[in-house]
Amino acid sequence: MLRSIRYGEADRILHLYTPMRGRMSAIAKGVRKAKSRFGGRLEPFFRIEGVFHQGRSDLFTVTSASTVAGHPRLREHAATLDAAARACDAVGRLFATEDPHPEVFHLLGNELALLDADPSLATPANGIAFRLKLLLAAGLAPQLSACASCGEAEHLAGFSGAAGGVVCPACEAGSFRLDAAGHHFLVEALGRPLAQTPPAVASALRQADRAVRETAEHHAGVRLGELA
């Protein structure tokens with residue numbers, strides 16, 4: 001579950017991400033009552049199995065729900081709570097339609113499970129790596145092996161969100177500096193599993209973070225908050 005919003009006296013509007021229906025919204029009636037049949041299962045970051053009724057509107061109604069993974073430990077730390085919220089927000093923004101993306105569903109589930117198992121993973125590096133993989137799933141992964149404008153494979157020292165990747169000096173108009181450490185982090189983070197996200201110095205993470213955010217803004221029309 002991505003997030004929930006109080007509605008009326010006892011209901012909640014839920015924003016969920018599903019493997020076969022993409023992002024969907026549902027109302028859980030009476031969920032805030034003390035004797036609700038849903039108990040505490042319909043909370044952000046829960047992975048659930050549910051039955052939903054579709055009426056005349058786009059808003060489904062939750063008729064039953066069971067917990068697959070509650071991720072209780074990530075709620076014990078401010079850093080993991082923040083990382084989980086940012087991950088869910090990025091999924092909700094980059095994949096806001098009903099189009100199915102099972103790989104995104106499993107990627108988010110993996111991220112939440114990792115944060116639940118090991119709070120030390122709630123780092124800017126992990127968050128940037130997660131967003132990079134979301135861009136890859138969306139078909140928007142930045143070009144990192146050659147100039148995104150002309151194809152030059154050497155002397156790559158800048159990044160252009162508009163161009164969609166690294167650029168050479170001849171194509172650097174509108175780009176920002178991306179040094180070797182920042183470039184290396186982007187390449188490694190994109191290629192490694194989330195649990196093996198590489199470390200990087202703060203300056204490299206700031207550059208990588210900016211590269212991800214500018215790519216999302218230019219090519220998906222989505223603004224993501226800063227992580228580094």
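I'd like the orientation of helix 124-137 relative to the chain: the angle between its Cα long axis and the longest Cα principal axis, in ° from 0 to 90, rounded to 10.
90
Along the principal axes of its C-alpha atoms, what lengths does the range 70-204 span, in descending order and rounded to whole Å?
Dimensions of the range 70-204 along the principal axes of its Cα atoms: 51, 36, 22 Å.
By how many degrees, 0 to 90 and rounded to 10, does the Cα axis of helix 202-220 deviate from the longest principal axis of the chain?
70
Restricting to Cα pairs below 8 Å that are 6+ residues apart, what does the relative contact order work out to for the chain? Please round to a whole percent.
Relative contact order comes out at 15 percent.
Sorted by average packing, counted as other Cβ atoms within 10 angstrom per residue and highest first, what order do 42-49, 204-211 take?
Listed from highest to lowest mean packing, they are 204-211, 42-49.
Glu98 to Phe176: extension gain in nm, 0.36 nm per residue of separation minus the Cα-Cα distance?
Full extension from Glu98 to Phe176 adds 24.6 nm.
Give the span of the chain's Cα atoms along each principal axis, as three whole-Å numbers ordered largest to smallest.
Extents along the principal axes, in whole Å: 65, 38, 26.
With only Lys, Arg, Asp and Glu charged, each at its Cβ (+1 for the first two, -1 for the last two), find how big the charge dipole of the chain is about the Cα centre; round to the nearest 20 debye.
1180
Multiplying the sequence separation of Thr67 and Met20 by 0.36 nm and subtracting their Cα-Cα distance, what value in nm do you get?
Computed gain between Thr67 and Met20 is 15.1 nm.
Which loop GluC sites (Glu not before Pro) in the range 191-228, with loop taken from DSSP, have no more than 11 other Cβ atoms within 10 angstrom of their Cβ?
Counting only loop positions with at most 11 other Cβ atoms within 10 Å, the GluC sites (Glu not before Pro) in the range 191-228 are Glu226.
Would you please give the residues with an amide H less than 5 Å from that of Thr18, counting only those at least 5 places away or on a separate chain, with H modeled from the backbone geometry?
Arg23, Met24
Nearest 5 is fine: what % of DSSP beta bridges in the range 1-152 come out antiparallel, could you say?
Here the antiparallel bridges make up roughly 90 percent for the range 1-152.
So if I take the centroid of the Cα atoms in the range 5-78 and the same for the range 195-220, what is the distance between those two points in Å?
32
Can you give the convex hull volume of the alpha carbon atoms of the range 1-73 per residue, in Å³?
Enclosed volume per residue, from the Cα hull, is 91 Å³.
Based on the alpha carbon coordinates of the range 172-225, what radius of gyration and maximum Cα-Cα distance (Dmax) apply, in Å?
11.7, 36
Which of the listed residues, Ala157, Pro142, Pro19, is farthest toward the dipole's positive end in the chain, when Lys, Arg count +1 and Asp, Glu count -1 at the beta-carbon?
Final value for the positive-end residue is Pro19.
What's the angle, to the nearest 10 degrees (0 to 90), between helix 78-94's Cα axis and the longest principal axis of the chain?
Approximately 80 degrees, to the nearest 10.
None of the figures in this text is laboratory data; all of them are computed from the coordinates on show. Quick caveat: nothing in here was measured; it's all calculated off a predicted structure. Counting neighbours? That spans all protein chains shown, and the Cβs are built from the backbone with ideal geometry, glycine included.
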